[in-house]
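Where a number appears in this text, it was derived from the coordinates with a stated rule and is not lab data. Just so we're clear, the structure is a prediction, and the values are computed from it rather than from any experiment. Virtual Cβ from ideal backbone geometry, glycine too; neighbours counted across all protein chains shown.
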Amino acid sequence: MNKNNKKYLKNIQKRTNRESKKKSKLIRKYIAFSSIGLIGFLFILGLVLPGLPIQFWDNDIPDGNWKKVSNMGWGILPHINVAHDPYNSTPATSGPFLDEEFGCPIRWGYHDSESTDECLLSNLARGGVNIQYNCGNDDENCKTLITNLKSNFTGANLSEIVIIPYPGLNKNITLTAWNYIDEFDDFDKVRISKFIEVFLNNPTLSPFYSKKGYLD
């Protein structure tokens with residue numbers, strides 16, 4: 001092989017190497033930009049999904065005393081007097097609710113006066129758990145029930161829980177989370193604690209979880 005051929009082949013090899021390096025650089029750059037774009041997309045998706053009426057749960061909810069209630073979806077009511085479909089549980093566990101303009105969600109913690117389904121749902125929509133009780137404050141058994149509820153389920157370590165009277169319940173105590181309900185007559189600390197453990201601040205349940213309610 002003469003010198004010209006060797007020089008020609010050497011130039012071809014150099015050109016091939018340059019093109020190969022150029023392609024590798026472009027591929028690395030493409031992968032880097034794609035990764036950044038994917039991370040950005042996932043970040044935005046994480047911000048948006050909690051506010052969408054999409055449900056992904058069931059598989060994450062263990063068996064328990066609670067019952068699942070058919071989902072009614074959700075929406076923000078412009079006013080308390082706006083007509084809407086009747087709620088499908090007592091208390092309500094899904095459906096349209098009032099928002100901050102009307103003082104909803106209500107303050108977390110104990111309340112000695114009742115509220116409305118439209119407002120209590122606003123607490124559930126933010127990942128809260130509502131403990132509703134049905135008894136007269138002058139009754140000794142009721143006083144004991146209220147004392148037990150307040151001493152066990154209020155405090156700095158138990159935020160985003162509402163304890164509130166609710167006349168007309170089927171049982172003396174009703175626990176509600178978004179789409180779930182548990183009803184019973186006698187105070188049961190273990191049963192209530194388990195409900196709270198499963199449902200409180202469960203981001204796969206509450207459609208409005210990204211927006212927090214009022215705190216004490």
Legend entry - Cross-link partners of Lys171 among aspartates and glutamates (Cα-Cα below 20 Å; sequence separation of 8 or more within a chain): Asp112, Glu114, Asp117, Asp138, Asp139, Glu140, Asp182, Glu183, Asp185, Asp186, Asp188
Legend entry - Compactness index (Cα Rg / 2.2 N^0.38 Å), the range 136-192: 1.13
Inset, instruction - Could you list Leu175, Leu120 in order of exposure, starting from the residue whose Cβ has the fewest other Cβ atoms within 10 Å? - result: Leu175, Leu120
Legend entry - Burial ordering of Phe97, Phe187, fewest other beta-carbon atoms within 10 Å first: Phe187, Phe97
Inset, instruction - Report, in debye and to the nearest 20, how large the dipole of the range 67-199 comes out about its Cα centre when Lys and Arg carry +1 and Asp and Glu carry -1 on their Cβ. - result: 420 debye
Inset, instruction - Taking the Cβ of each residue in His84, His79 as the centre, tally the other Cβ atoms inside 10 Å and list the residues starting with the fewest. - result: His79, His84
